[in-house]
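Everything below concerns the one structure shown next.
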Amino acid sequence: MLSSEIKNEAKVIGIKQVKKAINKGLAKKVIIANDIEPHIGEPLKRMCEQKSIEFVIADDMKILGQICGIEVGAATIALIKSDCI
């Protein structure tokens, strides 16, 4: 279900873009790869908690990248609120 949700929703990919989306109030859900470095993942989780944004942990960066249709791994993805598109 997560893969179809990612494929069908507006999204941003990558740590910098996800942080921007969170700070601007655009993110409705954040997906974080299980295999990113803790010094990257933990602050993202805290940001989500502070802004009351749901986050889930995905298997790994390679799979997230494949789901997004990119040839490299994706550390994190933010699904964008439909009213912000």
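No lab work stands behind these numbers, since they all come straight from the coordinates. Remember, it's a predicted structure, so these values are computed and weren't measured experimentally.
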Just to be sure I understand: if I project the alpha-carbon convex hull of the chain onto a plane and average over all orientations, what area do I get in nm²? 4.9 nm²
For region 2-84, give me the percentage of DSSP beta bridges that are antiparallel, rounded to the nearest 5 percent. 60 percent
